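Novice: Let me begin by handing over the structure; questions about it come next.
The values are calculated or read from the model by the stated rules, or taken from the named source; none is laboratory data. Note that the structure is predicted; figures quoted are calculated from it, not measured. Neighbour counts run over all protein chains shown; Cβ positions are idealised from the backbone, glycine included. Side chains are part of the model used for accessible areas, which takes the heavy atoms of the whole protein and leaves out ligands, DNA and RNA. Shrake-Rupley method; radii C 1.70, N 1.55, O 1.52, S 1.80 Å.
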Amino acid sequence: MLPSPSSPPTQLFHERTNTICTPVQTKLPFVLPTPPADKPYSPTGLLRKRKLSFSSENNTDNKSECTKGLDSDGEVEEDATPRPRARRYTSFHKAARAATAVPGRRREPISTRAILQSFVSSNKSDVYKCQSSDIDGYLTPPYACSYTQGAKNGGTPILAIATEQGTTHIVNTSKRKDWDIEPPRTTLQVHQNGIFDIKWNSDDTLLATCSGDQSTHITCINEEKVMYALHAHTSTVKCAAWDPNNANLLSTGGRDGTICLWDLRIPGTDGEDGPTVLKPVMTILGAHEESTPKARRRGKKAFASRSITSVLYPETGTYGLVSSGSFDGVIKHWDLRLPAKGKGSAKQKSPMNLYSSTNDPTTLYGSRRSRGIIKLTPGVGVTSGLIFGLGADSRVHVYDVLSLNPLPLGYSHRNMQTNSFYVGLNLSPCGRWLATGSGAGRNSTQGSAFLYDVGSAARQTNAAHLQEGVQLKSQQGEVGAVDWAENMLASCADDGTVRVWRPDVEIYQECIQDPENGRWNWSWHSYSSFAVVGTGYVGLSIIKALIQQKVSVLVITCSPPKSDLELPEGVQVVQFRHSIASIAWALQQHCIEVVISTIDADDLHFQSSVAEVSKGAGVKLFLPSDFGMPTEGSQDSFIAMDKSASQVIPYRQETIKLNQCVRVHSIPRHPNRQNLCESLNETSCLLTQIAS
């Protein structure tokens, strides 16, 4: 049974003291040094004794005469200026000093977005297929996945995958060479319906699966047998969460709007050649329903129940539970201590809702109505004290765990679509990286996973949410569940595959330098943020080609665009007055990865300065303007004549030459109509290859 406070409060404070417990005085393990008896002791430790001396050789006789009477006490005390000693600060002292420092002088934490951009996945050894159990089928979509607790702590990466057909696959996702045989996997038919959530308990001995058959099964992986069947929900069970402090307690939430709490130690009913059937020890009916329901007219159907989309145990207390619903962005905190029964009634009361979010974050970004929360995940490490919630408004919201109030920051990407409640959200074991799934866009059949650096979320700085996420695009259909292990990420997609992503800077550099050959073996992050320097007919054609690829485009110009040049929607324009600092600020604030120069011949001397600014702003690729002349191997182009063009853009230990990074087919200064159309088509094809 769940514990409950029944005994009276004990005496916490001692008499004549205001401390909880008076510490016992113990003997010191070391002995303080004692000065010798023949030497005087200075308690301050700041006085030194020196003998008077004279540097002049002519006063030798006077020195002896003067010092005759000072033999006994010829030493004079002299004040010595104390010097500060170097102190060694522990990690706790460093964190305390950083927290108590002046806010205006605190430095922003170093961004790890470059590491997220280096995540790659092998097309041969990092793809795990979910075979269908039907004779006519080939692959079945995976709905959920979960790494063991040992995998999150650096152990063997054992991943549990739940499919649409109720099958559970236990696979080992350790790194292996291409075409190596996959380690043997365990396949269990746990349900006869789709599994929507799967979770390991705290000691990795039991596996909970939530299914559309209105039940939750507890499976022992060592015995490969379903041990318990939890029956109480009247609709699909959507989510589950194990108590981190007790491996026998868990909570489930369903589409019927009910939260059930289970204790595996309670005796149940033994089924015929089946698992033991258990009943919940506590039930919360209509957890996210309105306290005062509105009256409905005759003839109208009753409103559907507000589904429970996610439950988790917060780190603030032992007896708490946090839940989210599909109706709005308000999350609630429940007190799970066993409530007392009412007088004259044998029915037990439901747990009490201690507090909820005062504001709905899904209505703070221009939305006309509330949107639900799809998934919750608690913060760990540097993000302790926070709760991240993936909303149906395609944005990740951040809550304070103490008050459950939303913080004024969020994370989003222009290509992230969270149209369904199958999309997942999870935080890395280090607490710094956040991963989400996403549906496919309107004009695309390819889903994506998105990575965010949330290490500065607890500081609530301006730069915490300005960084756009990193898009990992390689699977077909919607990318749903995601989960982290140590230095790896697993993503499930509708194409029946599970991909594993790992950070590898060397492989990422090889793929960027030779993308044609790299696509045969690897999948990696594609460029998604571009900046076009200069406007005109050349720049307009490039901007339109980029917009068709659904990437972020920033236009940097020294003057407003011409009236006859209509920029597409979604393009941001930044004007500067020949100020290099303003260009650097714009590139850093928008996290630009690729800079395309369309500067004409009159201002071509300014291009080398733009290249230097791009280098300092962390730009990964720079495309210079050559006006129709190739940049590779040419001696007559403007860029080749400029000595500064031989400088490089470093990316960690690798370098990319400015005039050899990519061949640019720009447009001549005064072309005819035929050459103009041919150059525009070549430029559009080139940009399509870069952005894809």
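Novice: Would segment 611-627 turn up any residue that is modelled with pLDDT under 70, open to solvent by less than 70 Å² (accessible area, probe 1.4 Å) and part of a loop (DSSP other than H, G, I, E, B)?
Specialist: Looking only at segment 611-627, we keep the residues that are modelled with pLDDT under 70, and these are 626-627.
Now restrict to residues that are open to solvent by less than 70 Å² (accessible area, probe 1.4 Å): 626-627.
Next, only the ones that are part of a loop (DSSP other than H, G, I, E, B) stay: 626-627.
Yes: one or more hits.
Novice: Taking only segment 378-408 into account, find how many residues are free of Cβ contacts under 8 Å to residues at least 60 places away in the same chain, more than 20 Å from residue 438 (Cβ to Cβ) and open to solvent by less than 10 Å² (accessible area, probe 1.4 Å).
Specialist: 0
Novice: Hey, another quick one. Among the numbered criteria (1) closer than 24 Å to residue 478 by Cβ; (2) more than 28 Å from the chain's Cα centre (by Cα); (3) open to solvent by less than 40 Å² (accessible area, probe 1.4 Å), which single criterion is violated by residue 139?
Specialist: Against the list (1) closer than 24 Å to residue 478 by Cβ; (2) more than 28 Å from the chain's Cα centre (by Cα); (3) open to solvent by less than 40 Å² (accessible area, probe 1.4 Å), residue 139 comes up short only on (3).
Novice: Quick check, is residue 277 out of contact with any Lys or Arg (no Cβ under 9 Å at 6 or more places or on another chain), surrounded by fewer than 17 Cβ atoms within 10 Å (Cβ to Cβ), of a type in the set (Val, Ile, Thr) and part of a strand (DSSP E or B)? Full working, then the answer.
Specialist: Values: out of contact with any Lys or Arg (no Cβ under 9 Å at 6 or more places or on another chain): yes; surrounded by fewer than 17 Cβ atoms within 10 Å (Cβ to Cβ): yes; of a type in the set (Val, Ile, Thr): yes; part of a strand (DSSP E or B): yes.
Spelling it out, residue 277 is indeed out of contact with any Lys or Arg (no Cβ under 9 Å at 6 or more places or on another chain), surrounded by fewer than 17 Cβ atoms within 10 Å (Cβ to Cβ), of a type in the set (Val, Ile, Thr) and part of a strand (DSSP E or B).
Novice: Here's a follow-up. Mind checking which residues of segment 199-210 are over 14 Å from residue 229 (Cα atoms) and of a type in the set (A, V, I, L, M, F, W, C)? Can you show your working first?
Specialist: So the first thing to find is which residues in segment 199-210 are over 14 Å from residue 229 (Cα atoms), and the list is 199-205.
Passing the criteria: only 200.
Novice: So which residues in segment 168-205 are farther than 18 Å from residue 491 by Cα and assigned to a strand (DSSP E or B), if there are any at all?
Specialist: Hits for segment 168-205 are 186, 187, 188, 189.
Novice: Taking residue 518 as the residue in question, decide whether it is assigned to a helix (DSSP H, G or I) and free of Cβ contacts under 8 Å to residues at least 40 places away in the same chain.
Specialist: yes
Novice: List the number of the failed condition for residue 202; all other conditions in (1) open to solvent by less than 10 Å² (accessible area, probe 1.4 Å); (2) modelled with pLDDT under 95; (3) under 26 Å from residue 248 (Cβ atoms) hold.
Specialist: Just one mismatch for residue 202, condition (1).
Novice: Considering only segment 520-528, I want to know if a residue exists there that is out of contact with any strand residue (DSSP E or B) (no Cβ under 6 Å at 6 or more places or on another chain) and more than 24 Å from residue 479 (Cα to Cα).
Specialist: no
Novice: While we're here: Scan segment 537-548 for residues that are touching a strand residue (DSSP E or B) at 6+ places or on another chain (Cβ under 9 Å) and either open to solvent by 50 Å² or more (accessible area, probe 1.4 Å) or under 19 Å from residue 471 (Cβ atoms) (or both) and jot them down.
Specialist: Those that are touching a strand residue (DSSP E or B) at 6+ places or on another chain (Cβ under 9 Å) and either open to solvent by 50 Å² or more (accessible area, probe 1.4 Å) or under 19 Å from residue 471 (Cβ atoms) (or both): 546, 547.
Quick grid of which residues meet (1) closer than 30 Å to residue 508 by Cβ; (2) at pLDDT below 50; (3) hydroxyl-bearing (Ser, Thr, Tyr):
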| position | (1), (2), (3) |
| --- | --- |
| 69 | no, yes, no |
| 75 | no, yes, no |
| 81 | no, yes, yes |
| 86 | no, yes, no |
| 103 | no, yes, no |
| 117 | yes, no, no |
| 127 | yes, no, no |
| 148 | yes, no, yes |
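Novice: While we're looking at this one, here's another question. Out of 347, 294, which single residue is modelled with pLDDT under 95 and under 23 Å from residue 371 (Cβ atoms)? Before you say what the answer is, go through the steps one by one.
Specialist: Values: 347 fails: under 23 Å from residue 371 (Cβ atoms).
Going through 347, 294 in turn, just one is modelled with pLDDT under 95 and under 23 Å from residue 371 (Cβ atoms): 294.
Novice: So residue 147 ticks every box in (1) of a type outside the set (Asp, Glu); (2) open to solvent by less than 20 Å² (accessible area, probe 1.4 Å); (3) at positive phi but one. Which box is left unticked?
Specialist: Tallying (1) of a type outside the set (Asp, Glu); (2) open to solvent by less than 20 Å² (accessible area, probe 1.4 Å); (3) at positive phi, residue 147 fails exactly one: (3).
Novice: Sort out which residues of segment 403-445 are at pLDDT 90 or above and farther than 29 Å from residue 151 by Cα, and write them in order of number.
Specialist: Those that are at pLDDT 90 or above and farther than 29 Å from residue 151 by Cα: 403, 404, 405, 406, 407.
Novice: Moving on. Among 234, 187, which is the only one that is touching an Asp or Glu at 6+ places or on another chain (Cβ under 6 Å) and open to solvent by 60 Å² or more (accessible area, probe 1.4 Å)? If you could, list the steps in order and put the result at the bottom.
Specialist: On the way: 187 fails: touching an Asp or Glu at 6+ places or on another chain (Cβ under 6 Å).
The unique qualifying residue is 234.
Novice: Do you know which of the residues in segment 553-574 that are modelled with pLDDT under 80 and of a type in the set (S, T, N, Q) is farthest from the chain's Cα centre (by Cα)?
Specialist: Checking each candidate, the answer is 563.
Each row is one residue, and each column tells you yes or no for (1) at pLDDT 90 or above; (2) touching a Ser or Thr at 6+ places or on another chain (Cβ under 6 Å); (3) surrounded by fewer than 20 Cβ atoms within 10 Å (Cβ to Cβ).
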residue: 461; (1), (2), (3): no, no, yes
residue: 470; (1), (2), (3): yes, no, no
residue: 479; (1), (2), (3): yes, yes, no
residue: 483; (1), (2), (3): yes, yes, no
residue: 486; (1), (2), (3): yes, no, yes
residue: 492; (1), (2), (3): yes, no, no
residue: 498; (1), (2), (3): yes, no, no
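Novice: Is there any pair with a first residue in segment 133-144 that is touching a residue at least 60 places away in the same chain (Cβ under 8 Å) and a second that is of a type outside the set (A, V, I, L, M, F, W, C) and open to solvent by 30 Å² or more (accessible area, probe 1.4 Å) whose Cβ atoms are under 7 Å apart and which are 6 or more apart or on different chains, and what are they?
Specialist: 139/129; 139/131; 140/164; 140/165; 141/164; 141/494; 143/164; 143/422
Novice: Restricting to segment 206-229, and then to whatever is assigned to a strand (DSSP E or B) and among the aliphatic types (A, V, I, L, M), can you tell me which residue is most open to solvent (accessible area, probe 1.4 Å)? Break it down into steps so the answer makes sense when it comes.
Specialist: Of segment 206-229, the ones assigned to a strand (DSSP E or B) are 206-211, 215-220, 225-229.
Right, trim to among the aliphatic types (A, V, I, L, M) and you get 206-208, 218, 226-227, 229.
Details: 206: 25, 207: 3, 208: 1, 218: 0, 226: 33, 227: 58, 229: 4 Å².
So, considering only residues that are assigned to a strand (DSSP E or B) and among the aliphatic types (A, V, I, L, M), the one most open to solvent (accessible area, probe 1.4 Å) is 227.
Novice: I would also like to ask the following. Evaluate segment 579-586: report whether one residue or more is open to solvent by less than 40 Å² (accessible area, probe 1.4 Å), modelled with pLDDT of 80 or more, among the small types (Gly, Ala, Ser) and in contact with a Leu (Cβ under 7 Å, 6 or more places away or on another chain).
Specialist: Within segment 579-586, one or more residues are open to solvent by less than 40 Å² (accessible area, probe 1.4 Å), modelled with pLDDT of 80 or more, among the small types (Gly, Ala, Ser) and in contact with a Leu (Cβ under 7 Å, 6 or more places away or on another chain).
Novice: A further question follows. When you look at residue 502, is it free of Cβ contacts under 8 Å to residues at least 24 places away in the same chain and open to solvent by 10 Å² or more (accessible area, probe 1.4 Å), yes or no?
Specialist: Numbers: free of Cβ contacts under 8 Å to residues at least 24 places away in the same chain: no; open to solvent by 10 Å² or more (accessible area, probe 1.4 Å): yes.
In short, no.
Novice: Residues being farther than 21 Å from residue 225 by Cβ, over 30 Å from the mean Cα position of the chain (by Cα) and touching a residue at least 40 places away in the same chain (Cβ under 8 Å): count how many of those fall in segment 158-195.
Specialist: Here the count works out to 2.
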